[in-house]
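Computed from the coordinates by the stated procedures, all read-outs in this text should not be read as laboratory data. Please read these numbers as outputs of a predicted model, since none were measured by experiment. Every residue, glycine among them, receives a Cβ derived from its backbone with ideal geometry; neighbour counts consider all protein chains shown.
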Amino acid sequence: MAVIDSQVHVYEANRPERPWVSTITGPAHVTGDEQVAAMDALGIDGAIIVSTYTTYRYDSSYAQEVHTRHPGRFALVKPVDTTDPAVAEDIAQWASAPGAVGIRVMLTFAETKDPLDPGLNLALTAGARHGMAVNLFAWHHLDEARALVARHPDTLVVIDHVGLPQPYRPDGPDIWADLPKVLALAEHDNVRIKLSGAGTMSAQAFPYDDIWNPLLRIIDAFGVERCLWGTDWTRAVKSLSYEQGVEAFRTTPHLSDSDRAMLMGGAAERTYGWSPSPGA
């Protein structure tokens, strides 16, 4: 199976022609070429670019430019504005874009988290209609996320970043406190979960042994074929290197070879219906 990073962010340096909305956690720029070079150095075949909400909000044009330059290495996910009455039309148009495999709903930052909100429901309905996996960012709002998921059993929903707040802070609340709510989401067959950014949840140094007990509970609940490894590069940069985000999963003794292959690529292929072609 291919090795696929289920969430990376690429972006240009802040410039007037494409200004940032706000400052991202990471280097001054991570261009598509730079991301490909980093992936090549670590034996990563492909990645899902999640167009960067922090810098570009709902404008996915830079991610699309990167895909045009490296079509065999990347698939694309775009955040959508659930307050826009035309969100369904936006999703329909996005579904025809080269490389598009999903949309992203930023529930944590939404004006309303109400599972009955028309905009949220319209986005999930349109996602299913157009074959788009709906990536759901739901930190601190897993109850609302579960209710929303239950209303849309035909929509493929991918929970971002373990479903839990990241990164670990020694003076903060228990980072795993809502783990039971994450496990409850596994009861819904249409839900997948990214273990993206998991290394940032460790209170220990690399290889982050303390994350494996809760991660294995998630893998057991969902089944490994519904769990997607990812680094969340570059947001994770203050906690670990890109190499550490890869090697913590590639070298851990907690996974069998078959489970590792599924987690680090096979599940992403199944979820997004996409496989990288590094030679393209």
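Placing unit charges on each Cβ (+1 for Lys and Arg, -1 for Asp and Glu) gives the chain a dipole about its Cα centre, and among ALA38, ALA248, VAL149 the Cα reaching farthest toward its positive end belongs to ALA38.
Taking K and R as +1 and D and E as -1, what net charge do the other residues with C-beta under 9 Å from the C-beta of ILE159 add up to?
On the way: positive: ARG192, LYS194; negative: ASP160.
My count for the surroundings of ILE159 gives +1.
The stretch between LYS238 and ASP40 holds 69.1 nm of extra length on full extension. This uses 0.36 nm per residue minus the Cα-Cα distance.
Between MET1 and GLU89, the simple spin-label model (points 7 angstrom out along Cα→Cβ) gives 4.0 nm. Under the criterion of Cα pairs below 8 Å and six or more residues apart, the relative contact order for the range 153-280 equals 25 percent. For the range 23-51, backbone nitrogen atoms closer than 13 Å to the point 7 Å from GLU247 Cα along Cα-to-C-beta are found at 42-43.
Across the chain, the relative contact order, built from alpha-carbon pairs under 8 Å that are at least six residues apart, equals 22 percent.
What FRET efficiency do you get for SER275 and ASN213 if R0 is 45 Å and r is their Cβ-Cβ distance, rounded to the nearest 0.05?
On the way: r = 32 Å, r/R0 = 0.71.
About 0.90, to the nearest 0.05.
Shape class of the chain from the Cα gyration tensor (axes a ≥ b ≥ c, square roots of the eigenvalues): rounded, since a/c falls below 1.5.
Quick one: dipole size for the chain, taken about the Cα centre, charges +1 on Lys/Arg Cβ and -1 on Asp/Glu Cβ, in debye to the nearest 20. Let's see the in-between values first.
Numbers: 22 positive and 35 negative charges, 28 e Å.
For this selection, approximately 140 debye.
Can you tell me what share of the DSSP beta bridges in the chain is antiparallel? A percent to the nearest 5 is fine. Percent antiparallel among DSSP bridges in the chain is about 5.
For the range 7-87, the relative contact order is 33 percent, taking Cα pairs closer than 8 Å that sit 6 or more residues apart in sequence and dividing their mean separation by the residue count.
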